[in-house]
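The values are calculated or read from the model by the stated rules, or taken from the named source; none is laboratory data. Everything numeric in this text was worked out from a predicted model, so none of it was measured. Quick reminder, even Gly has a Cβ in these numbers, built from the backbone with ideal geometry, and neighbours come from all protein chains shown.
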């Protein structure tokens, strides 16, 4: 496949479209990355340049072009037990605290930007292990969202290569996975049923959730946003967080402690007062 070159004007058009619709901020040095990820779409639709591709995006009313675009440009790098101290804090601090407080036994956790599913599945296993035989009567299902349908399909399948599940405790691999003949590992139905996967764009002006969350995980997602976009999303997270609830962000990310209303708890963990 012969790479198609992109002009500065074409790059700026596409970058503006992506920023406007998905919040992703593409700097000038990302031009080669954009070309590398989109050229297959141009060839597939027999388009001769990126101006034609841009017109194709604007003209499409089915949503298919936009879906193909976000599946191509979104970064879905994650792994089980990534930034493990967050999961330890969830197990050792958040869950014990909530168990004492939630009289209705309705635990609400949202994984925003769940990628291929490792994060919500890890949380579901922690919750199952934490509650054990005392889980009866509790609603502990998680909401896991992502903008990429490609990533969500992988997440819903719940099947991973052996090397991907290697960081997990051996007892988890025995208890929560089924090993396939090809050496891959699939989550048990018990864990898969604990997670509701949905496509969701964090750029939505209003988050349509009827009830607030006790914990929101949005880790290593906002590094792709510029300042104003990040500010707007965090404010919507704050509105969607129960008082006393937690926001987990990536270790490379940080919040201005005086700007959003969240109280700093530890690096990359914040609590709504």
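Is it true that residue 247 is in the same structural domain as residue 130 (by TED's automatic domain parsing), touching a helix residue (DSSP H, G or I) at 6+ places or on another chain (Cβ under 9 Å) and more than 24 Å from residue 125 (Cα to Cα)?
Judged against the criteria, residue 247 is not a match.
Which members of the stretch 256-271 meet the condition of being touching a residue at least 12 places away in the same chain (Cβ under 8 Å), surrounded by fewer than 17 Cβ atoms within 10 Å (Cβ to Cβ) and either under 22 Å from the mean Cα position of the chain (by Cα) or under 20 Å from residue 83 (Cα atoms) (or both)?
260, 265, 266, 267 - these are the residues of the stretch 256-271 that are touching a residue at least 12 places away in the same chain (Cβ under 8 Å), surrounded by fewer than 17 Cβ atoms within 10 Å (Cβ to Cβ) and either under 22 Å from the mean Cα position of the chain (by Cα) or under 20 Å from residue 83 (Cα atoms) (or both).
Here is a list: 210, 236. Which entry is closer than 30 Å to residue 157 by Cβ, outside any strand (DSSP E or B) and at pLDDT 95 or above?
236
Consider residue 61 against the criteria (1) free of Cβ contacts under 8 Å to residues at least 24 places away in the same chain; (2) more than 22 Å from residue 233 (Cβ to Cβ); (3) assigned to a helix (DSSP H, G or I): it satisfies all of them except one. Which criterion is unmet?
So residue 61 meets the others, but not (3).
Are there any helices (runs of 4 or more DSSP H) wholly within the stretch 78-172 with 1 or more residues that are within 23 Å of residue 209 (Cα to Cα) and either modelled with pLDDT of 95 or more or in contact with a strand residue (DSSP E or B) (Cβ under 7 Å, 6 or more places away or on another chain) (or both), and if so which?
Because the criterion is at least 1 residues that are within 23 Å of residue 209 (Cα to Cα) and either modelled with pLDDT of 95 or more or in contact with a strand residue (DSSP E or B) (Cβ under 7 Å, 6 or more places away or on another chain) (or both), the helices (runs of 4 or more DSSP H) in the stretch 78-172 that meet it are 95-101, 118-131, 149-157.
Exactly one condition in (1) under 15 Å from the mean Cα position of the chain (by Cα); (2) surrounded by fewer than 20 Cβ atoms within 10 Å (Cβ to Cβ) is false for residue 219; which is it?
(2)
Residues are listed down the side, and each one gets a yes or a no for (1) surrounded by fewer than 17 Cβ atoms within 10 Å (Cβ to Cβ); (2) under 18 Å from residue 268 (Cβ atoms):
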| position | (1), (2) |
| --- | --- |
| 38 | no, no |
| 85 | yes, yes |
| 122 | no, yes |
| 133 | yes, no |
| 143 | no, no |
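Considering only residues that are touching a residue at least 40 places away in the same chain (Cβ under 8 Å) and either in a helix (DSSP H, G or I) or farther than 24 Å from residue 88 by Cα (or both), which ones fall in the stretch 176-191?
Matches in the stretch 176-191: 176, 190, 191.
Take residue 48 and decide whether it is part of a helix (DSSP H, G or I) and out of contact with any helix residue (DSSP H, G or I) (no Cβ under 7 Å at 6 or more places or on another chain).
No: the conditions fail for residue 48.
Hey, does the stretch 223-233 have a residue that's out of contact with any helix residue (DSSP H, G or I) (no Cβ under 9 Å at 6 or more places or on another chain), within 24 Å of residue 273 (Cα to Cα), surrounded by 20 or more Cβ atoms within 10 Å (Cβ to Cβ) and touching a residue at least 12 places away in the same chain (Cβ under 8 Å)?
The answer is no, given that none of the residues of the stretch 223-233 is out of contact with any helix residue (DSSP H, G or I) (no Cβ under 9 Å at 6 or more places or on another chain), within 24 Å of residue 273 (Cα to Cα), surrounded by 20 or more Cβ atoms within 10 Å (Cβ to Cβ) and touching a residue at least 12 places away in the same chain (Cβ under 8 Å).
Does any residue in the stretch 117-138 that is on the phi > 0 side of the Ramachandran plot come within less than 8 Å, Cβ to Cβ, of a residue that is not in a helix (DSSP H, G or I) six or more places away or on a different chain, and which pairs are these?
Partner pairs satisfying both residue conditions: 117/144; 117/158; 117/195; 117/197; 137/105.
Yes or no: residue 72 within 25 Å of the chain's Cα centre (by Cα), at negative phi and surrounded by fewer than 17 Cβ atoms within 10 Å (Cβ to Cβ)?
yes
Within the stretch 9-45, track down each residue that is over 28 Å from residue 222 (Cβ atoms) and either in the same structural domain as residue 148 (by TED's automatic domain parsing) or part of a helix (DSSP H, G or I) (or both).
If the condition is that a residue be over 28 Å from residue 222 (Cβ atoms) and either in the same structural domain as residue 148 (by TED's automatic domain parsing) or part of a helix (DSSP H, G or I) (or both), then 9, 42, 43, 44 are the ones that fit.
So, in the stretch 7-32, how many residues would count as being within 24 Å of residue 145 (Cβ to Cβ) and exposed (fewer than 15 other Cβ atoms within 10 Å of the Cβ)?
1
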